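*Asks:* I'd like to ask you about the structure that follows.
Where a number appears in this text, it was derived from the coordinates with a stated rule and is not lab data. Fair warning: this is a prediction, and the values are worked out from it, not measured in the lab. Glycine gets a Cβ as well: all are built from the backbone with ideal geometry, and neighbour counts include every protein chain shown.
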Amino acid sequence: MVLVPPARAAEAPLKRPIPKTGELLHAVGLGTWQTFDVGVDPDGRADAREVLARFVKAGGQMVDSSPMYGSSEAVVGDLAAALGVEKSLFLATKVWSSGREAGIRQMEESMRRMRTLTLNPRAMDLMQVHNLTDVKTQLKTLREWKEQGRIRYLGITHYHEGAYADLERLIKSEKLDFAQFNYNVVTTAAEERLLPVCAEYQTAVIVNRPFEQGELFRRVKGRDLPKWAEEFDCNSWARFFLKFILSHPAVTCAIPATRDPDYLVDNMGAALGRMPDAATRRRMARHMRSF
């Protein structure tokens, strides 16, 4: 299967600036929930290694993990070191703990697992408060660590619409660098207030659950792409779903997760070629609601 139209194969991928600094990030990142939780299984690690290698080859940068994701942090750290690509990556993880000292211990362990402390020591690119757990306490530590140069950016995360009011309040009050939340072509509530607030407060947006945990692929199983998808250089459902997200001007990057190297290549191709405009985005959403 040819995943990138030949005329556009050499085209530069879409990058978006982090609003607070202007630093550019490839618009397609890599999530690690479940997919990189392979422990020491050789087959699982081999697949994950190939995914990470192809990700970097395609210009990918952000790899997002969490201590909640089992062995994923350690697998990312080990494979990045084995491939010699750690300097190419924008490493992001989370603190998922209550209490200052517990949070510090967990973050230090995450940094050891991802090898930012032990191999060519450097700052963690992004540390986020996972699902707003003890958010005030952890943000205080993150600000101290940012001032000390232990992390470069700080942020918050959640994964469902029920948390949007809290996310909005914190974005407005805490001067965050990043906010991570769910958004896709069938779950569009973030368009109402959250995405505009992020744009107003110069908060970078990481989109999780871009495929609605696989539900979008189940919904379109056996269906052909609409012919008009060619208008924005789209030749797969994965790219249809991702281009909808990436074309929103407030979105910095999306983080689909996979351990299939071919799926990874397909996902990365969503950052190539033309993007749908506002009218086409509405058409895409209507199309998905039709079945």
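*Asks:* What are the residues whose amide H is under 5 Å from the amide H of Y153, where those residues sit 5 or more places off or on another chain and H is modelled from the backbone?
*Replies:* L126, M127
*Asks:* Additional query: For a quick check: with amide H placed at 1.01 Å from N, whose amide H comes under 5 Å from Y183's, ignoring anything fewer than 5 positions away on the same chain?
*Replies:* Residues meeting the amide H criterion: N208.
*Asks:* Related question: Restricting to the chain, compute how many DSSP beta bridges are antiparallel as a %, nearest 5.
*Replies:* Numbers: 3 of 29 bridges.
Roughly 10 percent of the DSSP beta bridges within the chain come out antiparallel.
*Asks:* Using the Cα centre of region 25-289 as origin and beta-carbon charges of +1 (Lys, Arg) and -1 (Asp, Glu), tell me which of T187, S71, T116 is placed farthest towards the positive end of the dipole.
*Replies:* T187
*Asks:* About the Cα centre of region 154-284, what is the dipole size in debye to 20, counting +1 per Lys and Arg Cβ and -1 per Asp and Glu Cβ, all else neutral?
*Replies:* 260 debye
*Asks:* Moving on to the next point. Report which label in (1) 35, 22, 19; (2) 30, 23, 16; (3) 48, 25, 17 holds the value of semi-axes √(5λ) of the Cα gyration tensor in Å derived from the coordinates of this structure.
*Replies:* Among (1) 35, 22, 19; (2) 30, 23, 16; (3) 48, 25, 17, the one derived from this structure is (2).
*Asks:* Report the gain in length on full extension from D277 to A165: 0.36 nm times residue separation, minus Cα-Cα distance, nm rounded to one decimal.
*Replies:* Stretched fully, the D277-A165 segment lengthens by 37.5 nm.
*Asks:* Remind me, relative contact order of region 132-278 in percent, using alpha carbon pairs under 8 angstrom and six or more residues apart? Working shown, then result.
*Replies:* Working: 196 pairs, mean separation 28.7, N = 147.
In percent, rounded to a whole number, it is 20.
*Asks:* Give me the extension gain from E191 to W228: residue separation times 0.36 nm, minus the current Cα-Cα distance, reported in nm with one decimal. Provide the component values of the computation, followed by the final result.
*Replies:* Working: separation 37, 0.36 × 37 = 13.32 nm, distance 2.35 nm.
Contour length minus Cα-Cα distance gives 11.0 nm.
*Asks:* Then there's this: Using θ = phi - 60° and the Karplus relation 6.51 cos²θ - 1.76 cosθ + 1.60, list the HN-Hα couplings for region 28-34 in order, rounded to whole Hz, with x at every Gly or Pro.
*Replies:* Whole-Hz 3J(HN,Hα) from phi for region 28-34: 10, x, 9, x, 10, 4, 6.
*Asks:* Just to verify a number: FRET efficiency for A81 and K221, C-beta to C-beta distance, R0 = 35 Å, to 0.05?
*Replies:* On the way: r = 38 Å, r/R0 = 1.10.
It comes out at approximately 0.35.
*Asks:* What size of dipole, in debye to the nearest 20, comes out for region 160-212 about its Cα centre when the only charges are +1 on Lys and Arg C-beta atoms and -1 on Asp and Glu C-beta atoms? Write out the running numbers ahead of the final one.
*Replies:* Numbers: 5 positive and 9 negative charges, 19 e Å.
For this selection, approximately 100 debye.
*Asks:* Under a crude label model (7 Å from the Cα following the beta-carbon direction), how far is L24 from H287 in nanometres?
*Replies:* 2.9 nm
*Asks:* Also: Beyond 29 Å between alpha-carbons counts as too far, so tell me which of K146/K172; K20/K136; K94/K172; K57/K243; K94/K227; K136/K243 fall in that bin.
*Replies:* From K146/K172; K20/K136; K94/K172; K57/K243; K94/K227; K136/K243, over 29 Å: K94/K227; K136/K243.
*Asks:* If you don't mind, another one. Nothing charged except the Cβ atoms of Lys and Arg (+1) and of Asp and Glu (-1): what's the magnitude of the dipole of region 40-170 about its Cα centre? Round to the nearest 20 debye.
*Replies:* Details: 19 positive and 18 negative charges, 100 e Å.
The calculated dipole for region 40-170 is roughly 480 debye.
*Asks:* Explain nothing, just the number: relative contact order of the chain, from Cα pairs under 8 Å at least 6 residues apart, as a whole percent.
*Replies:* Relative contact order comes out at 22 percent.
*Asks:* Okay, next question. Give, as ranges by residue number, the residues of region 189-203 whose backbone N falls under 18 Å from the point 7 Å along Cα→Cβ of K146.
*Replies:* 197-203
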